[in-house]
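The structure appears below as structure tokens.
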């Protein structure tokens with residue numbers, strides 16, 4: 001669903017940040033902004049680790065938005081507003097904002113402008129005159145304020161956002177990156193964590209998708225096939241959402257009896273040479289059964305945002321609130337347990353640069369109770385053999401058996 005904020009709300013309050021919060025919650029919950037429920041903030045952040053300050057800011061934005069609606073405003077803009085950013089007091093920022101507005105989302109433009117303007121104001125100079133010392137001094141001051149309030153430094157994600165905005169502004173000015181020599185020890189800072197989707201919820205969504213695949217409505221059945229494929233790719237192969245979005249079923253290849261799938265690679269929006277990953281048994285069976293003709297699983301003309309919205313909306317329709325990155329966290333946690341707590345192996349497969357990033361995906365508290373008991377007490381203390389997990393439903397067993405027979409034939 002395209003994000004649409006009431007025109008009058010943005011113009012009357014001139015609070016682009018608050019408008020961005022409303023848009024974000026509406027997209028996450030797949031509703032019109034006017035239909036946001038009173039607990040929209042709690043639903044928006046369900047399954048994600050955020051600070052109390054962030055929740056308070058979103059809550060105040062929702063409160064102001066509901067109050068504005070209560071006063072009688074009901075009309076919405078049919079298209080996203082083309083804001084000219086004429087209220088900016090810096091000509092360079094105005095030109096940068098207008099250029100970004102042609103190809104970036106409004107929330108991204110607002111975030112970049114806000115960060116660069118904050119740094120310029122703290123330095124007391126124009127945005128184009130910023131230096132590395134100004135950026136370092138601004139982040140150090142923000143660290144001091146955060147330390148005084150909460151006893152910790154800024155989160156790594158916050159520092160990365162500030163540095164990314166400055167780098168993008170430097171590229172616009174066609175000058176050297178002033179953040180190149182700065183080191184804020186990001187690996188040592190706290191970062192937001194990604195909680196894995198509960199296994200029961202994931203299995204429930206897969207079952208719901210299989211049921212809808214038998215729907216007489218061809219469009220409903222096709223979307224259910226897409227949902228199931230993306231769920232399996234993210235939870236059993238650790239794909240990011242944009243990687244699952246670009247998967248081509250025609251790329252499935254067999255080498256020495258093993259299935260491999262090309263993983264699309266992008267750098268600054270440009271497609272790079274793919275890398276080949278061993279295909280999981282679940283994804284292999286899904287492609288052979290549901291996509292035998294090959295081709296893109298997700299239409300090429302779809303955006304990644306639309307694919308993400310399709311998954312989230314499917315979960316909401318069946319009572320499961322989750323974020324697509326929680327599927328990747330589910331894979332990381334399961335793989336960490338399966339490899340005997342070998343975090344370096346998980347890091348390599350997740351394609352992370354730092355092991356600190358991998359640690360944020362692994363949550364041992366979110367595992368099967370039987371495994372938790374076995375690891376806590378030791379197998380020698382149990383008086384009975386471990387309970388086997390419940391067998392998979394019939395259709396999945398049939399697909400697995402057919403896959404094994406097919407592999408035996410080609411070998």
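The values are calculated or read from the model by the stated rules, or taken from the named source; none is laboratory data. These numbers were taken from a predicted model, which means no experiment stands behind them. Note that each Cβ is placed from the backbone with ideal geometry, even for glycine, and that neighbours are counted across all protein chains shown.
What about residue 273, is it at pLDDT below 90 and buried (at least 20 other Cβ atoms within 10 Å of the Cβ)? Break it down into steps so the answer makes sense when it comes.
Details: at pLDDT below 90: yes; buried (at least 20 other Cβ atoms within 10 Å of the Cβ): no.
It is false that residue 273 is at pLDDT below 90 and buried (at least 20 other Cβ atoms within 10 Å of the Cβ).
Between residues in the range 170-182 that are in contact (Cβ under 8 Å) with a residue 12 or more places away in the chain and in the same structural domain as residue 117 (by TED's automatic domain parsing) and residues that are exposed (fewer than 15 other Cβ atoms within 10 Å of the Cβ) and outside any helix (DSSP H, G or I), which pairs lie under 9 Å by C-beta distance while being six or more apart or on different chains?
Listed pairs, sorted by first residue: 178/131.
Kindly indicate whether any position in the range 303-323 is in contact with a strand residue (DSSP E or B) (Cβ under 9 Å, 6 or more places away or on another chain) and either part of a strand (DSSP E or B) or under 15 Å from residue 243 (Cβ atoms) (or both).
At the first step, the residues of the range 303-323 found to be in contact with a strand residue (DSSP E or B) (Cβ under 9 Å, 6 or more places away or on another chain) are 323.
From the residues that got through so far, the ones that are either part of a strand (DSSP E or B) or under 15 Å from residue 243 (Cβ atoms) (or both) too are none.
No, that holds for no residue.
Among the listed residues 334, 380, 365, identify the single one that is assigned by TED's automatic domain parsing to the domain that holds residue 232, assigned to a helix (DSSP H, G or I) and modelled with pLDDT under 60.
Details: 334 fails: modelled with pLDDT under 60; 365 fails: assigned to a helix (DSSP H, G or I).
From the options 334, 380, 365, the qualifying one is 380.
Tally time: how many residues in the range 20-50 are outside any helix (DSSP H, G or I) and either touching a residue at least 40 places away in the same chain (Cβ under 8 Å) or crowded, with 16+ Cβ neighbours inside 10 Å (or both)?
First, the residues of the range 20-50 that are outside any helix (DSSP H, G or I): 30-32, 36-39, 45-50.
If we keep only those that are either touching a residue at least 40 places away in the same chain (Cβ under 8 Å) or crowded, with 16+ Cβ neighbours inside 10 Å (or both) too, we end up with 30-32, 36, 45-50.
Of the residues in the range 20-50, 10 are outside any helix (DSSP H, G or I) and either touching a residue at least 40 places away in the same chain (Cβ under 8 Å) or crowded, with 16+ Cβ neighbours inside 10 Å (or both).
Which members of the range 276-304 meet the condition of being closer than 29 Å to residue 28 by Cβ and either surrounded by fewer than 15 Cβ atoms within 10 Å (Cβ to Cβ) or free of Cβ contacts under 8 Å to residues at least 24 places away in the same chain (or both)?
299, 300, 301, 302, 303
Considering only residues that are surrounded by 17 or more Cβ atoms within 10 Å (Cβ to Cβ), within 25 Å of the chain's Cα centre (by Cα) and over 22 Å from residue 303 (Cβ atoms), which ones fall in the range 98-134?
Across the range 98-134, the qualifying residues are 113, 115, 116.
Where in the range 94-199 are there helices (runs of 4 or more DSSP H), lying wholly inside it, with at least 1 residues that are in contact with a strand residue (DSSP E or B) (Cβ under 7 Å, 6 or more places away or on another chain) and at positive phi?
Values: elements: 106-123, 132-150, 156-173.
Hits in the range 94-199: none.
Conditions first: (1) surrounded by 16 or more Cβ atoms within 10 Å (Cβ to Cβ); (2) modelled with pLDDT of 75 or more; (3) part of a loop (DSSP other than H, G, I, E, B). Residue 88 passes all but one, so which condition is the exception?
If we test residue 88 against (1) surrounded by 16 or more Cβ atoms within 10 Å (Cβ to Cβ); (2) modelled with pLDDT of 75 or more; (3) part of a loop (DSSP other than H, G, I, E, B), just (2) comes out false.
What number goes with the only condition from (1) in contact (Cβ under 8 Å) with a residue 24 or more places away in the chain; (2) within 24 Å of residue 194 (Cα to Cα); (3) not in a helix (DSSP H, G or I) that residue 264 does not pass?
The number of the failed condition is (1).
So which residues in the range 342-361 are at pLDDT below 85 and outside any helix (DSSP H, G or I)?
353, 354, 360
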